[in-house]
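Structure first, commentary second.
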Amino acid sequence: MSTTLSDPPSAPVPRGDWELTPLGHDSWRVCDRARRQGDADCLIAYVERNSTGSLDVLWLRRPCPRVTRFRDVKHMLDALDEAVIAASDRSRAPSPIRHLPPR
């Protein structure tokens, strides 16, 4: 069992709002702890360690990082945190939506 987040854990480990759960020897899922376990939006990503040792990520919902390959779990979860923060930035006015005039 690993003790750092540089290696994926072998048991479910919460980190902030995210929980990393092992699915096999080299695969994990990332869940949102703020959502109910039965909620489909609870599942954020599937992670798999490839033959080079890096992590390939399949993002299942937005907001998510644009990157799909990471060196380790810490970088992956940090990128997820940054994507969520960027998506919730409301310091700018929303873009106007063009529409057709009524008939």
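Note on V67 and A40: the extension gain reaches 7.5 nm, defined as 0.36 nm multiplied by sequence separation minus the Cα-Cα distance.
Whole-Hz Karplus ³J(HN,Hα) for segment 41-49, in order, using 6.51 cos²θ - 1.76 cosθ + 1.60 and θ = phi - 60°, x for Gly and Pro? Rounded to whole hertz, the list is 6, 5, 7, 9, 7, 10, 10, 9, 7. Using only alpha-carbon positions in segment 32-90, the gyration tensor eigenvalues give semi-axes of 21, 15, 9 Å once each is multiplied by 5 and square-rooted (largest first).
Highest average first, the peptides 44-53, 31-40 ordered by how many other beta carbon atoms sit within 10 Å of their residues are 44-53, 31-40.
Bear in mind these aren't lab numbers, they're just calculated from the coordinates by the rules spelled out. This is a predicted model, so every value here is computed, not measured. A quick note on method: Cβ atoms are made from the backbone with ideal geometry, for glycine too, and the neighbour counts reach across all protein chains shown.
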